[in-house]
Amino acid sequence: MERRRARSRAAWRRRRLVLILMSPWLVGFSVFFGYPLVMSAYLSLNHYDLLSAPRWVGLANYRYLFSVDPQTWTAVRNTLWMIGVLVPLQVLSAFGLALMLARARAGVGIFRTIFYLPALAPPVAATLGFVFILNPATGPVNTILSHLGISGPLWFQDPSWSKPSLVMLGIWGVGNTMIIFLAAVLDVPRTLYESAQLDGAGPLQRMRYVTLPSISPVLLFAAVLGVIQGLQYFTQAYVAAGVAAGQASQAADVTAASLGYPLDSTLMYPVLLYQHGFTDFQMGYASAMAMFLFVVSFAVTLTIVLNSRRWVHEAGR
Amino acid sequence: MKRVAMAVALLAVALTAVGVASGAARHRSSPTKLTVWVGWSARELSAFKQLAAEYQKANPGVALNVVGSINDNKIVAAIRAGTAPDVVSSFNSYDVGIYCGTGGWIDLTSLMKGSGISTSMFPATTNYYTQYGGKKCALPLLADTYGLYYNKALFKKAGIAGPPKTIAQLTADAKKLTVRNPDGSLKQVGIDPFIGFYENVPERWILPWGGTYTDSKGKAHLASDSAWGKWLTWQKQLIDWYGYDNLVKFQAGLGDEFSASNAFEVGKVAMNLDGEWRVAFIKAEHPTLDYGTAPMPAANPSLYGSGYINGTIIGIPKNGKHTPQAWNFVKWVTTNTHALAEFSNAIKNVPSTTASTHSKELIPDAHFATFLKIFANPKSGTSPIMASGASYTNLVQNFVTKWQAGQVKNLPGGLSTLDKQLDAQVSQAKGGGVP
C-alpha cells in the first residue's frame, strides 16, 4: 500500500515536472493560437467592424463568402493554382539541386552558397527585384529578348504571365528546402547504393529503390510545408501587384484597388482576407474567411499525412 | 520651547503657502496637451506643424503634439484600443461611412451648432463627403480637386489651339497627340484613359459624363444610368485604338507618379487627369514645363467646369479626453480663412471653405486658379460615401479593369450584376447579411 502511494507520488511529481517544463509552450499555444482560434470562430458568426461591439449574425458571413462575394472563388482558384504548380516545382527543383550538389566534386562550398543565397533575400526585396527585372518596357530580360528578335511577354503586367512570374520567384528562392534535401540525400548510407549496384541496379533504379524511399520523410515534410505556405501565400503576391500596378515608391502601402493586379490574377485568398479585415474593417467577415482557410489547411494536411503512410518509409518501421 | 513651537508653526505655514503658490503657478502654466494625428509627412507635415504652432501661440492653454504619417488602419486600431488621440484626420473621405456609421468619430453637429458653425460655410460636395447617415462626423481640411493638365508645347506642335472642352474634341486631340514607334508601340500618348493608371479611377472619370452610383432609394443603378455605358464604351474604344497591350507596355515603362519622371512632367503623356497638387510638383521638378490646366472635357456642355473633389477630413474620435479643446482646434483649422489660406499656400491644396477660396492671402497662380473654380462649381462631385467604405468603389474599379481588358462581353449584363454585388456588399457591411 505504502509502495503504491510512493509510486503514485513519484508519478505525480513526474507529471508536474513535465507540466512545468511544457508551461512556456502551453502558455504560448493558448495565448497565440488557442485564444485567437476560438475568437475567430466566434467573430465569424458576428458582424464586427472593429469600432462597434460584435453583433450576432449567425451564418450570414459564410453565406456572403460562398454565394455573393465576387472575389472569393477567384482568390480560391489563384491560391489552388499556386499550390498545384509552385509546390511540385519547388520540391522537384530543390531535390534536383540537392542531387547535383551531392554529386559535386569540386567547389562544393561555393555552389551550395550560390544556390542557397537567394533564400536569404527578404521576400519584399526579392519581389521588387523580380518586378523590375521583368519590367516589359525597361527590364533587362525583355531587353535581351528583343536583341534576340523575341518579343518578351508582359510578365507581371499580363494576367496569364503574372502567376508564372511568381512561380519563377518561388523557385529562385528554394534554398531552404534544398538544404534539407541535401542533408537527407547525403544521409543515405553508401552501403545501400553499393548493395544495389552489386545487384545490378542502374542509376534510375538506385534513385527509385534507394534514394526516394530513404528521403521520403523529407519529401513528406517539404510537401506539407509547401502546401501550408501555399495556402498562406501573401507577401510576394501583395508586393508584386502593388509595384506592377505602378506604385514603385509605395510598395509597402499597396492600395486595395491594386490588390490582385493585373485583373485579379495575383489575388490570393490570404490577400483578400487581409483586405476585408484590415482595409475594409470587416473583421467578422474576415474571421469567417480565416475559419474556412483553417478548415481547408487542416483537411489538406491530414489527407497528405494519411496518404503518406503508403509511400513514406520511416526508419525502423 | 514656545519660541521653537512658534518658529516651527511659522515655517510650516510658510512652506504650505509656497507649496500652494507653486502648485497654482504650475497649474496655470501647464496647458492641456492635445495629440493630433495627420496623414502628412515631410514638407507637408512641417507646414501643418507651423500652423499648429500658430494656433498654440494664440491659445496658450493648449499644447499640440502633431504626429504625421498616420493612415486609417492606425486610426481604427487606436480607437479600438482606447488610445486614440484627441484629433484625427484621414487623407480621404472613403471611410467616412465607417467612421460616422459606427460612431468611431463623434457627431460634430451639436458642437458646430454651439459654436455657430454652419454647413453653408462649405461647398455642398465637401459637406457630402464629411457626413453619413445623418451624422456629421468630420469637417474638410483643404481639398483635392481634379482637372486636365495639358502640355502647351505638344499642343502647338500638333496644331491644337487650346484644351478640349467636349469628349469629341478630347478624342480627336488624344489621337493627334499620340506618337508611335516604327514597330507600332507607343512613344507618346495623347491621354491615357486606362483605369489604374496614376490618378485614373472610375469616380473621377464618370463625373464629366454625369453618371451617378445610386438611385433615390440608395440602390446601385449603374446599369440603368446611361452615362456609365457611354463612358465605358468611349473608354474601351480609345484603349483599343491604342492597343491594350501597347498601352500596358507603355505604362510599365513610365516613371513613378510622384517623382520627377512623372509621365506628364516629362512629356510622355500630352494630357492627363490629375489633382491640383501637381502644380506644386511641376514648379519644383520641371519649372520650365510649358503647360496649362483646365476642367475635364464633359459629355454634356452644362457639366463643363465641374470636376472631382475629395480631400483630407478631420474629426474627433470617440472616448476623447479633451473634446472641448479638441473641437476648438478643429473649428479653427477648418473654418479660419487665414489658417486655410496659409496652409493652402504651403502645400498647394484647395482651401476648403467658400470664403477661403476668395482669400486675398492666397498666392495668385493661374494654373492653380483653375482648381479653385472647379472646387466652387456647384456641379462638382465626389466618391459615393457608403457603409462599406472604399470597397464600394474598389468593386466598381474591379469591374472596369475587366471591361477595359475585354473580359466583359455583355456590358449591360455586367453592369446589372455589378449593381447586385454593390447592394449586397453594402448590406453585408451594415451587418444585414446577404439580401
Given the conditions (1) over 26 Å from A:Ser258 (Cα atoms); (2) without any contact (Cβ under 8 Å) to a residue 12 or more places away in the chain, which single one is not true for B:Gln237? (1)
Of the residues A:Leu259, A:Leu225, which is at pLDDT below 95 and either under 30 Å from A:Ser308 (Cα atoms) or surrounded by fewer than 21 Cβ atoms within 10 Å (Cβ to Cβ) (or both)? A:Leu225
Where residues in the stretch A:284-294 are under 24 Å from the mean Cα position of the chain (by Cα), of a type outside the set (Ser, Thr, Tyr) and within 14 Å of another protein chain (Cβ to nearest Cβ), which of them is surrounded by the most Cβ atoms within 10 Å (Cβ to Cβ)? A:Ala288
Filtering the stretch B:301-320 down to residues that are of a type outside the set (Val, Ile, Thr), over 26 Å from B:Leu170 (Cβ atoms) and in a strand (DSSP E or B), which residue is farthest from the chain's Cα centre (by Cα)? B:Pro317
Conditions first: (1) within 27 Å of B:Ile347 (Cα to Cα); (2) in contact with a Leu (Cβ under 6 Å, 6 or more places away or on another chain); (3) not aromatic (Phe, Trp, Tyr). B:Thr102 passes all but one, so which condition is the exception? (1)
Might you check whether a residue that is farther than 26 Å from B:Ser383 by Cα and assigned to a loop (DSSP other than H, G, I, E, B) occurs anywhere in the stretch B:321-329? yes
Could you list, in sequence order, all residues of the stretch A:215-247 that are within 14 Å of chain B (Cβ to nearest Cβ) and β-branched (Val, Ile, Thr)? A:Val243
Out of the stretch B:159-179, which residues are free of Cβ contacts under 8 Å to residues at least 60 places away in the same chain and either among the aromatic types (Phe, Trp, Tyr) or touching a Leu at 6+ places or on another chain (Cβ under 8 Å) (or both)? B:Ile160, B:Val179
For B:Thr393, the lone unmet condition from (1) out of contact with any helix residue (DSSP H, G or I) (no Cβ under 6 Å at 6 or more places or on another chain); (2) at pLDDT below 95; (3) of a type outside the set (Gly, Ala, Ser); (4) at negative phi is (1)
Please determine whether any residue of the stretch B:367-379 is in a helix (DSSP H, G or I) and either within 13 Å of another protein chain (Cβ to nearest Cβ) or more than 29 Å from B:Glu54 (Cβ to Cβ) (or both). no
Just for the stretch B:272-300: of the residues that are at pLDDT 95 or above and farther than 11 Å from B:Tyr149 by Cβ, which one is nearest to the chain's Cα centre (by Cα)? B:Pro295
I need the full set of residues from the stretch A:125-139 which are more than 8 Å from chain B (Cβ to nearest Cβ) and either surrounded by 24 or more Cβ atoms within 10 Å (Cβ to Cβ) or under 23 Å from the mean Cα position of the chain (by Cα) (or both), in order please. A:Ala125, A:Ala126, A:Thr127, A:Leu128, A:Gly129, A:Phe130, A:Val131, A:Leu134
Could you tell me which of the residues B:Asn200, B:Asn151 is closer than 27 Å to B:Thr393 by Cβ and in contact (Cβ under 8 Å) with a residue 24 or more places away in the chain? B:Asn200
Looking at the stretch B:151-169, can you tell me whether even one residue there is over 21 Å from B:Leu289 (Cβ atoms) and within 14 Å of chain A (Cβ to nearest Cβ)? no
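The rows are residues; the columns are (1) more than 30 Å from B:Val426 (Cβ to Cβ); (2) outside any loop (DSSP other than H, G, I, E, B); (3) not assigned by TED's automatic domain parsing to the domain that holds A:Thr177.
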site: A:Arg77; (1), (2), (3): no, yes, no
site: A:Leu86; (1), (2), (3): yes, yes, no
site: A:Pro118; (1), (2), (3): yes, yes, no
site: A:Ser146; (1), (2), (3): yes, yes, no
site: A:Ile150; (1), (2), (3): yes, no, no
Checking the conditions here, which among B:Lys187, B:Lys175, B:Lys236, B:Lys230 is more than 23 Å from the chain's Cα centre (by Cα) and either within 14 Å of another protein chain (Cβ to nearest Cβ) or outside any helix (DSSP H, G or I) (or both)? B:Lys187
Restricting attention to the stretch A:72-108, the residues that are within 14 Å of another protein chain (Cβ to nearest Cβ) and surrounded by fewer than 22 Cβ atoms within 10 Å (Cβ to Cβ) number exactly 3
Pick out, from the stretch B:1-111, the strands (runs of 3 or more DSSP E) lying fully within it that include 1 or more residues that are within 14 Å of chain A (Cβ to nearest Cβ), at pLDDT 65 or above and closer than 29 Å to B:Lys135 by Cα. B:87-90
Of the conditions (1) of a type outside the set (Val, Ile, Thr); (2) on the phi > 0 side of the Ramachandran plot; (3) more than 22 Å from the chain's Cα centre (by Cα), the single one that B:Leu111 does not satisfy is (2)
Filtered residues of the stretch B:90-132 (kept if surrounded by 20 or more Cβ atoms within 10 Å (Cβ to Cβ) and of a type in the set (Asp, Glu)): B:Asp95
Scanning for something farther than 29 Å from B:Asp72 by Cα, within 8 Å of chain A (Cβ to nearest Cβ) and surrounded by fewer than 23 Cβ atoms within 10 Å (Cβ to Cβ), does the stretch B:382-402 turn up at least one residue? no
Name every residue in the stretch A:145-169 that is away from every other protein chain (no Cβ under 14 Å) and under 22 Å from the mean Cα position of the chain (by Cα), in order of residue number. A:Lys163, A:Pro164, A:Leu166, A:Val167, A:Met168, A:Leu169
Restricting attention to the stretch B:154-178, and to residues there that are exposed (fewer than 14 other Cβ atoms within 10 Å of the Cβ) and not charged (D, E, K, R), which single residue is farthest from B:Asp95 (Cα to Cα)? B:Gly159
Search the stretch A:47-65 for residues being outside any helix (DSSP H, G or I) and more than 7 Å from chain B (Cβ to nearest Cβ), and hand back the single one that is surrounded by the most Cβ atoms within 10 Å (Cβ to Cβ). A:Tyr48
For the stretch B:188-197, check the following and say yes or no: at least one residue is farther than 30 Å from B:Phe343 by Cβ and free of Cβ contacts under 8 Å to residues at least 40 places away in the same chain. no
Please state which of the following conditions B:His358 fails to meet, knowing it meets all the rest: (1) away from every other protein chain (no Cβ under 14 Å); (2) free of Cβ contacts under 8 Å to residues at least 12 places away in the same chain; (3) surrounded by 19 or more Cβ atoms within 10 Å (Cβ to Cβ). (3)
Residue tally, condition more than 8 Å from chain B (Cβ to nearest Cβ) and either among the aliphatic types (A, V, I, L, M) or farther than 19 Å from B:Asn394 by Cα (or both), over the stretch A:254-283: 8
Test for A:Ser44: is it touching a helix residue (DSSP H, G or I) at 6+ places or on another chain (Cβ under 7 Å), away from chain B (no Cβ under 14 Å) and surrounded by 12 or more Cβ atoms within 10 Å (Cβ to Cβ): no
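The values are calculated or read from the model by the stated rules, or taken from the named source; none is laboratory data. All of these numbers come straight from a predicted model, not from anything done at the bench. So basically every Cβ, Gly included, is an ideal-geometry build from the backbone, and we count neighbours across all protein chains shown.
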